[in-house]
Structure formats: C-alpha cells, structure tokens
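K.L.:
Right, I'll just put the structure down here and ask away after.
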Amino acid sequence: MKDENKSKQQLIDELNKLRQKVSNLNLARAEIRMIRKDGKMLDILRAAQPIKSNNGKVNTILTLNVDISERKQSRIKEKDYINNIKFLSKTAMELSDFSKDKDIYQYIGKKLQRRNNHTIVVVTSIDTETNMLTVRSVLGMNKLAHKAANFLGRKPTGMTLKINNDNLAYLYDGKLHDSGKSLYQVIFKKIPQHLCTALEKLVHLKKIYTIGFVKEKNLLGTALIFHTKDGSLKNQETIEAFIKQASIVLQRQLTEEKLIQSEQSYRGLFDNASDAIYIQDSEGRFLDVNQAVLNMYGYEKDFFIGNTPEPLSAPGKNDLKQIGKYVNKAFKGEAQSFEFWGKRKNGEIFPKVVRLNKGTYFGKEVVFAFSTDITDRKKAEEKLRRASRQWRSTFDSMNDSIALLDLEGRIIRCNKALVSFTGKSFKELIGSRCENLVFGKNKRPFDFPYLRVKKSLKRETINAQIDNFWFEIIVEPELDDNKELSGFVLIMKDITDQKQTETQLRENEQKYRLLFEEANDSIFLLKDNIFIDCNRKTLEIFGCKRNQIIGTPPYKFSPKYQPDGKSSKEKALNNLNRAWAGESLTFEWLHCKYDGTPFDAEVNLNTIELDGQLHIQAIVRDVTERKRAEKVIQESEEKYRNLIEQSNDAIYLLYNRKFEIINNKFTEMFGVNLDDMNVAGFDFINLVAPKSRDIVEERIKRMAKGEKLEPNYEFTAISKDGKEIEVETSVTYIKYKDSIASQGVLHDITQRKQAEQELQRTHEIYRSSIENARGVPYHLYHPSKEYVFIGEGCEKLLGIPANQLNAKKFKNLIKQIVITDEKDPGDIHKYVKLYLDGKIDRYQCDVQIVTDDGITKWISDSAFPIRDENTGAVISSFGILLDITDRKAAEEQLKKSLLEKEILIKEIHHRVKNNLNVVISLLNSQARRITNKKAIEAFKDSVSRIYSMAFVHQHLYQSKDLSSINIKDYIKTMANRAFSSYRINNKVKMELEIDNIIMNIEKSIPLGLIINEIISNAFKHAFPKNQKGSVNISLKKIKNDIYELIVQDNGTGLSEKIDFEKTESLGLYLIKILVDQLKGTLELSRENGTKFVIRFGEKG
C-alpha cells in the first residue's frame, strides 16, 4: 500500500509539473511510470497541448498517452548485450597475457562476482588422481562471507573435500547448471546438515549454480555461484563463454607445472647420483656429466663437454683403441664393463670401473657411462692377495661375498658374507663349485670369470642378476713365486642400487622426452639466440622438417615487420635479451610457416638450466583460431546492422553480365568498386582467371537453357592487379527487372587449398615414418576389412604378400589369441567389441599363427583406433605386427624350469618327513626294550616332539605353497595325535579354536613343539585320578602382524613351587627357549588350572 500511495503521489506531482510547463509552452512531453490495475508496471510517454480561450487563458489541456514499455526494455537489452561483449573482449585480452605468477582462481572469482550482484562465488580445483576438491577462492558479499567463515570456525579457502568423480559427470558439458540442490547436497554431505541449513539462512541463499572448467574432456575445477536474490541468475551465456576462456589458461598453467616438475626430478636424480655419470655421442665425445664426475677429476664441467676420454686417461695405463670398441658395442645395444685408469687434475692416478649402456638424450642415441672410483677396492684386493690367511677378521668383515678357489673352481675358504648369501654353513661351502652355488647346477653361465682367468691370467668380471639382485662377480688370479697359477679369489659385489639408479635415470629421461614431445604447444630450446632443439608439435605448427628449423634464429620464421610496424628481428632480439636477463615474458607474435604462411601466436620465454648451461625455453601456441574468435566477437554488433557490408565473403548481384550490387569485401578481394565496373566494355568475366572462364561460361549457357544447376562450385578468380584467388561460390538465381539475375557469395579458399597441399605433404612424411618403424605397420579399414596400408616385411612375417592380405586371410592363419591388455574382459569377442565401441584406447594381443608353409609363430598385435570426427565411431586402426616367437619360447622354458624346482622341493620335504618317521620307528623299537618307566616316558616325549616336526614337512609337500602351511590343519593333526597318545581317561575333552592362518616353516616348527609340550604336560599331570576336565587351544591374529596362542586346562594347575625361569623340567625349558626362538612373549597363569599365553610377530 505504501508503494501504491507513493506512486499515486508521484503521478500527481508529475501532472502539476506538466500543467506548469503547459501554462508557459504550447506543447509539453514527459515520461512517467504507472501501475496498471493488474499490478503491471508501464512506462508512458505523455504529451499535453493547451487549449486557450479568447482572452489568452488556458481553460483546457489536451493530453496523449503512449505506452513505450517495450522500447524501454529493448534499450535495456541492447545495453546489456553491448556490456557482455565488452566484458568477454576484455577478459579474452587479459587471459591471453595472463602470467603464471598470478592467481587464476582469484581472478575467475572476481570476474564472476562482479558480473552478478547478490552472489557469493566459490572457485575450486580438482585433482582427478586423488579425487580431492580444494577451495581456491571465495568472493562476494564480504560481510555475509565473513559471517559464514566465522560460523564455520575457519576460512573456506584451502578446505579440501574427498569426492566421487561420478557425482560431477554432469559438469563435463561446460554449461551453467541450476543445481536445484541444498548446500548440504552440493558439498557432498561433508559438513553436518544442521550447519549447512544455518548457513543457508545466514546468507539468505536462494539458488546454487554450478559450472565446470572443462578442457579436452578433463574437469579441471568448478565454480559455485550462491545466488541470494529471488529470480534467475543474469548473464548466464556470458558466464559460460568466460569459463571456456578461463579453462584454456587453467589447463596451460597445469601442463606447464607438470612439465617443470618432471624436468626438475630428472635433473635432480642425474646430478645427485652417487656414481659418476657421463653421456657420450657416437664419436665418444662427452655431451653431459654430473656433479660426481666433477668431484672425481677436479675439473669444471666446461672441460668435459665436447671432449673425449683421452685427456682423462692415465698415460700408458689404458688401451684406448679397445675402449673405443667397447663404446661401439654399447651403441649396438651390448652393455659393456671394463676398468679404466684415470688421471685427476692434480696429477693423481686412480682406477675406476666403467659400465656402458645405450640410451637416448634429447632424441639422440647416446651411451650412458657409469663409473665408480675403485681405488679403495683395489687396495683391499691387493691386501687380500698378500695376507688372505693372516687377515681372517678383515676377510670376514667385508660386506662383499669373497671366496678363495682352487684351480677347479672349488671353494677352499670363504667369508661370512658368502655364508649369509648362500644360506649354507662354512662346512657345507668348502669343496663346493662356486658357479653352482651362485647360479645353480642347471643355470651356470658357460663363461664364468674363473674359466676366463685360466687363459688370461688377469682379473675378469661379469655382471649377473641373481633372483631380484644384481652382482658384479670378480675373479682375481693367485700366482705363486714362479708366476704360475695356483688358485683364484672370487668377489661378489652387490650393485643392485647402482643398477636401479641407471634404470631410473633412463626412465626419467624417457618421461621428460615424452612430455617434451607430446606437449600440445610448440616448444623450442635456444642457445646463443639460435634454435637447438624442438618438439614434434613445432614441426606441425611451422610446417617444416627438423633440419629446416634447427640452427636458425626465431626471426627467420617471422615476417619482416610485426603488425605494430616494428622490425621483427629487432623486436625478437630485444625480447630475447630481456629473457636472458631473467625476465619471464609472454607476448603475442606474428610468425610464418616454412612456406611463408603467417599465423598469430602466443609466445612464452623463460630461462632454464640444462647440463650446467643457461638456455631459453620458448613455448609457442598457435592462437589463429582464438584471434578469429575475438574478431567475430568484435564485429558481432556490426554484422546485425549491415550484414552484407561486414561479411567476410564477397557478396554480389549480377545482371546482364554487369554487377548491380557488391559489398566491401568484394572490393577488397578484387580491388575494384562499382564505378570501376560500370564503364563501357567491362564484363564480369574479366574477374575470372583464364583457366576457369570456360567453366563459368558453360554454367551461364546451361542456366539460360533452364537447366537446374548445383549452387556450389569452385573456380579461380583474378583481382584487378592480376593476383589469382581460389574461391568457393554459392549461387542462386532470382527474378530481377523482368529477367533473371544471379546473386552469389564468394568465399576465399586460397589458404585452405594451400593447407590441403601441406596436408598431403605431411601425409607422405607420416607414411615414410610408418614404413621405417620396427615390425610390420598396418592401417586396417574396419567397414571393408581391407588393409589401406601394410608395411614391408609382411610376406616374411605372415607368408602372404602385402597386396594380397586382408582381414579374413589373416584370421585364417590364427590358431590362438592371448589378450595382453590389463582391461581383458576374459573373452576375445567381448574385447574386440569393447575396442570397436571406443571403450578402450588400445588393442593389445599376442597371436599364434600357422603360415601356409606350416611354420608356427607368435606375433604381438598392438593397435590404436581412428574415430569418425562426426559420430566418434571407430572406423579404422593403426597398428604394428611384431614377431615375438623367440620371446614366447623363452617364457615356456622358464615355466618348465620353475616346475622342475617345485617338484624337487616337494621331494625334499617328503624325504625329510620319511626320515623323521624312520627315527620315530627306531625310538619306539628301543623303548620296547627298556623297562625303566622314566626312560620309557622320555622316549615317548621325544617321539611326540619328532612327530610335531614331521607333520610340518608332511603338510609342506602336500601344499601348493612349498614354504608355508595352513597352521589350522597342522595344529589339528598334531594335537589329535598327542591327545590320543597321552590321554589317560575318557573324561578329558579337547577343544580347538584356530583361525585359517598361512605360516612359514620357520614359525610352524617351534609353534608345533610348544603346543606339543604344553598339552602333553596337561594330559600327564593336570587330571589325576580319572578327573574330568578340558584342554583348550586357541590361535588368532590379534593385530596386523601379531599372533596370540592360548593353551589352557582346568585341571589341578602348575604347582607354585615350580619356578618357570629356573625349572629343571625339560618340557618347560623347551617351551621357554622356543618362545625366545619365535622372539615372542610368554605369560603364565595358575588360576583355575594352567594357562599359557604366547604372543609373537609375523616377521619377528
């Protein structure tokens, strides 16, 4: 009512003002706002005309009311549209220059909140690997947001939530969603519901809108907009467009962070490795060395780079030609190891061991040389040869396994490390052949070092993998006073850590190269302002080969002048100088492809340190499409006012071979206007290139005959200055001036034609790369089941020439298919369907075939899908067929060897069990000849103890796992045997409560002996005079790696006079030492009978 009264009073005031104006003017106008009876608000334009009497006084006012509400709303919408265009244009410019040092989440939050009042904006990031959502910024309505933070007891920024990624699937479309949910549901119920309800009331929450940051099908984060006003959120389409812009920058920042972290990890591992590591090219020159090399020789890094090992060699100590041969063999993939005598900067001569392995370094094949200073080891070995018999303590304290061998390779002396390594005693080792101990009788190498020492009379080595460990096996000759060979010294050095370091270095280098090569942006490395390296994307963007860009400066791939009129060379050098000074730069640049085609780019310059030297890393992103999008946004308002004039295509109306209408684009394309063409003698055919005039004239003749023509076709036009233009035209024919005229749109496709030519050239390059790949590459088109392409080697591999092969013939060769993919559904037909449905990204199988010649082969078939751009369906596959017959044969041999080992171990356990049964029989026979009751009882106890050990070996050879048994079955068997052997009356019962536990032999035997001693003692002493009672046995796992054994009876109990710690009873003494053997604890209770509680660890 107050608002209604106020509106009435405003209307009265407006009318009074109008009357005042009318009294002074002939006509007056005013805009007023009125409320209709149904409550609708109207904007009214009111005009008033005074009517005067004869005496000049106004006695009547004539008024006219016009409803202008729709016009007012149209102006408001137009203003909002212009503001949205300005907002998106401004944010696009800001994001294109967005520095990685700025907070992108804070920037997004500010922009969203400023576009909509009465909102609180929460921006989050998502880690898809850990499924963690992190709050990055909270903006808007500061007082309410501050109250909410106080209410929660902490600031929301930095909060993390564990999420289910399936709950966010709807955000992958990049659209703004009215969630229709409560705050409690939106935050995945991670905050108590009553707190969420209270927060909603505190900030007057009406609606919650959500939108995801999506780029290349990856969800990078979310934005939540809490609307605190009735009605819908404004500018929703503008918000969605802005989020798409921000997603591009967000993905770029995340990609750059991962790339930097990977490179830092690789460099850290390389520089901090304990071994000295060199990287050499095919000529033996050093490309890089780590800090350990500098420490070893005392030189700076510059001394090594470009140098060979010769300046580092001690004069007269090394065969440099032989070392060159080692390097050549390493380049062929053969690992090499040899000794090298080096000379430090201070003149000191020292020995080292060098190991050579092939690898790649920035895409180039190199040799990695790992060297270790063995000065101390050499001294130790020399002392060992001189005083092996006198220095037994030093001999045994060595960490390396060492043995003295006779001329037949048998061990005559060894140290404790070798005893520990083999698990045998000194007595068992003496006389054994060293190679049998290390490798086993069936696996020993034919070139064990001591066999080579017999011929060379000098030190020989070999690197060998034994189980999961790597060892360097060294054999030194022992010479007598006459320089005759008298024996050998065997040294086994654990080099597992060193091997792992080498492997990690290779893996890190591969990861770094993968990130470098697979980046979606062009990446350069510059040294002395010259390109020295680039990735695959660079060649794609610049349309060139690697040798066409490496060795050139960046301004060579730029036009002479930039769009601002400045020299490209001067401007590029200025930016490079700023980058060398340590400044991180991001700027826009006009580049050129190798063929001269210009394109817009965004360039980022940073300095990085590689191999101890400063380089510039340049990241170039083609932003042509973005520029085109910005141009469309800027021109969008004008295109609605004058579509023809602002069209990017030439538009015309042709009548009687003369142009009646053309747009600005037509003038721009051909360099002529209507005045130029409306002169005598001008014909439209003058703008058609001679090679296309017949095509155009033929169409005009056919049109005149009334034929129906295809509206779209291509031809070559020619401008006023003679430049040929490839155009695509769309022509329609209309009635005009009582005749027929043609109106058309000409689209310049010159660049597209050039791109098609470039695409064809790129395809040839790709085809050449495929043909040179290892194995037999192929391209299979699934609808026809025909091979579009198959590489060389097809006939050698399959026995079928490439031009005769199709999918059906290949299928006829197949006898067996083994799926090697981790996503194997268990059925080949289901697996193929998953692949063709696009649900797996790679097809991986091993296929057994029999060729037409009867030859059986195993082939690895690995392929990836090519999808239809429109439907996403898999239409073809690129793959490689690789012969793996030798690998399969090796795998089968390995399985056979493992089976033989299993059978041998089972036989050993069976024989041990039989031998123990023989011992039991001998003891029983002896007991029958003895009349002394105590002696008989002692024999009976011994038999029971042996039975408990025999049962372990019986269970072991009957189980699948030859090192462990099911302790439940074992205890049940052993306890029942003791129960039947010792029970003196039928009133004593035994109850078992044993968990299903798998336990190794080292724990099982002492545990069985303990149970045997306790229950035999109970049966003999706890229930005198035919007393009733029970014996309970319980074994459970009470913690992750702790077991608890409880054995108790309710008999007379253990006498208080018996001191368990000082007992003379053999049975109790055995219990005590067996518990110590288990490294466990024992508790004894004498209440209500006797109770033993024993706890021990799984690994103790």
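None of the figures in this text is laboratory data; all of them are computed from the coordinates on show. Here the structure is a predicted model, which is why all the values come from computation and not from measurement. Methodologically, a virtual Cβ is constructed for each residue, glycine included, from the backbone with ideal geometry; neighbour enumeration extends over all protein chains shown.
K.L.:
Hand me the GluC sites (Glu not before Pro) from the stretch 293-365 located in a DSSP loop with no more than 12 other Cβ atoms within 10 Å, in residue order please.
P.N.:
Glu300, Glu334, Glu348
K.L.:
Further question: Provide Met159, Met132 in ascending order of the number of other Cβ atoms located within 10 Å of each residue's Cβ, fewest first.
P.N.:
Lowest to highest Cβ neighbour count: Met132, Met159.
K.L.:
Starting from 0.36 nm per residue, how many nanometres of slack lie between Glu1083 and Thr360 once their C-alpha separation is accounted for?
P.N.:
Difference between extended and current length: 254.0 nm.
K.L.:
Please state, rounded to one decimal and in Å, the Kirkwood hydrodynamic radius that the stretch 519-628 gives when every pair of distinct Cα atoms enters the mean of 1/r.
P.N.:
By the Kirkwood definition, the hydrodynamic radius is 14.0 Å.
K.L.:
So what J values fall out for the stretch 1009-1025 if you push phi through Karplus, 6.51 cos²θ - 1.76 cosθ + 1.60 with θ = phi - 60°, rounded to Hz, Gly and Pro as x?
P.N.:
Calculated HN-Hα couplings, in order: 5, 4, 4, 4, 5, 5, 6, 5, 5, 5, 5, 7, 10, 7, 10, x, 6 Hz.
K.L.:
Could you put Ser247, Ser432, Ser692 in order, starting from the residue whose Cβ has the fewest other Cβ atoms within 10 Å?
P.N.:
Least to most surrounded, the residues fall as Ser432, Ser692, Ser247.
K.L.:
Also: Below 9 angstrom from the Cβ of Phe242, what's the summed charge of the other residues (Lys, Arg +1; Asp, Glu -1)?
P.N.:
Net charge around Phe242: +2.
K.L.:
Going from the alpha-carbon gyration tensor of the stretch 599-713, what semi-axes, largest first and in whole Å, does one get by taking the root of 5 times each eigenvalue? Before the final figure, lay out the partial values.
P.N.:
Numbers: eigenvalues 440, 72, 44 Å².
Listed largest to smallest, the semi-axes of the stretch 599-713 are 47, 19, 15 Å.
K.L.:
So, one more: Hey, with R₀ at 56 Å, roughly what FRET efficiency would Gln510 and Asp827 work out to, going by the Cβ-Cβ distance, to 0.05?
P.N.:
The calculated FRET efficiency here is 0.95.
K.L.:
Using mean Cβ contacts within 10 Å as the protection proxy, how do 782-795, 271-284 order, highest first?
P.N.:
Going from most to least packed, we get 271-284, 782-795.
K.L.:
Would you mind telling me the antiparallel percentage of the DSSP bridges in the stretch 273-373, rounded to 5? Walk me through the numbers before you get to the answer.
P.N.:
On the way: 27 of 28 bridges.
For the stretch 273-373, the DSSP antiparallel bridge percentage is about 95.
K.L.:
Could I ask something else about it? Roughly how far apart, in whole Å, are the Cα centres of the stretch 855-873 and the stretch 276-354?
P.N.:
Value for the Cα centre distance between the two parts: 46 Å.
K.L.:
Normalised by the residues of the stretch 990-1100, what does the relative contact order come to in percent, with Cα pairs under 8 Å and at least six apart?
P.N.:
29 percent
K.L.:
What size of dipole, in debye to the nearest 20, comes out for the stretch 519-628 about its Cα centre when the only charges are +1 on Lys and Arg C-beta atoms and -1 on Asp and Glu C-beta atoms? Could you put the intermediate results ahead of the total?
P.N.:
Details: 16 positive and 15 negative charges, 72 e Å.
Value, rounded to 20: 340 debye.
K.L.:
Further question on the same structure: Counting other C-beta atoms within 10 Å, which of Phe448, Phe226 has the fewest, and how do the rest follow?
P.N.:
Working: Phe448 21, Phe226 26.
By the 10 Å Cβ count, ascending: Phe448, Phe226.
K.L.:
Okay, moving on. Work out the length of the dipole vector of the stretch 82-243 about its Cα centre, built from +1 on the beta-carbon of each Lys and Arg and -1 on the beta-carbon of each Asp and Glu, and round it to the nearest 20 debye.
P.N.:
Value, rounded to 20: 620 debye.
K.L.:
Each residue of the stretch 87-97 in turn: what ³J(HN,Hα) in whole Hz from Karplus with 6.51, -1.76, 1.60 and θ = phi - 60°, glycine and Pro shown as x?
P.N.:
So the J values, rounded to whole Hz, are 4, 5, 5, 5, 5, 4, 5, 5, 6, 5, 9.
K.L.:
Suppose every K and R has +1 on its Cβ and every D and E has -1 on its Cβ; what is the size of the dipole of the stretch 773-883 about the Cα centre, in Debye to the nearest 20? Let's see the in-between values first.
P.N.:
On the way: 14 positive and 16 negative charges, 40 e Å.
Rounded to the nearest 20 debye, it is 180 debye.
K.L.:
What nm value, rounded to one decimal, do you get for the distance between Lys972 and Ser942 when each label is placed 7 Å out toward the C-beta?
P.N.:
Calculated label separation equals 3.3 nm.
K.L.:
Can I ask one more? Looking at the stretch 302-374, which trypsin sites (Lys or Arg not before Pro) are in a loop (DSSP not H, G, I, E or B) and have at most 13 other Cβ atoms within 10 Å? Please list the in-between numbers first.
P.N.:
Numbers: sites: Lys317, Lys321, Lys325, Lys329, Lys332, Lys343, Arg344, Lys345, Lys352, Arg355, Lys358, Lys364; in loops: Lys317, Lys332, Arg344, Lys345.
Here the sparse-neighbourhood loop sites are Lys317, Lys332, Lys345.
K.L.:
Would you mind getting me the FRET efficiency between Ile661 and Arg75? Use the beta-carbon distance for r and R0 = 35 Å, nearest 0.05.
P.N.:
E between Ile661 and Arg75, to the nearest 0.05, is 0.65.
K.L.:
Further question on the same structure: Taking a spot 7 Å from the Cα of Val850 along the direction of its beta carbon, which residues of the stretch 773-813 have an amide N less than 14 Å from it?
P.N.:
Counting backbone N atoms under 14 Å from the label point, the list is 812-813.
K.L.:
Calculate, in nm to one decimal, what Val1093 and Ile82 gain on full extension: separation in residues at 0.36 nm each, minus their alpha carbon distance.
P.N.:
Numbers: separation 1011, 0.36 × 1011 = 363.96 nm, distance 8.45 nm.
My answer for the length gained is 355.5 nm.
K.L.:
Local charge sum around Leu797 (other residues, Cβ-Cβ under 9 Å, Lys/Arg +1, Asp/Glu -1)?
P.N.:
Result for the local shell: 0.
K.L.:
Given a Förster radius of 25 Å and the C-beta distance between Ser719 and Val632 as r, what FRET efficiency does 1/(1 + (r/R0)^6) yield to the nearest 0.05?
P.N.:
The pair Ser719/Val632 has a calculated efficiency of 0.50.
K.L.:
Next question, about the same structure. Hand me the trypsin sites (Lys or Arg not before Pro) from the stretch 687-728 located in a DSSP loop with no more than 10 other Cβ atoms within 10 Å, in residue order please. Walk me through the numbers before you get to the answer.
P.N.:
Details: sites: Lys691, Arg693, Arg699, Lys701, Arg702, Lys705, Lys708, Lys720, Lys723; in loops: Lys705, Lys708, Lys720, Lys723.
Qualifying residues, ordered by number: Lys705, Lys708.
K.L.:
Between the stretch 112-132 and the stretch 781-854, what is the C-alpha centre distance in whole Å?
P.N.:
Computed from Cα coordinates, the inter-centre distance equals 48 Å.
K.L.:
Bins of 5 Å, beginning at zero and ending with the bin holding the largest distance: percent of Cα pairs per bin for the stretch 645-754, please.
P.N.:
2, 11, 22, 27, 22, 11, 4, 0, 0
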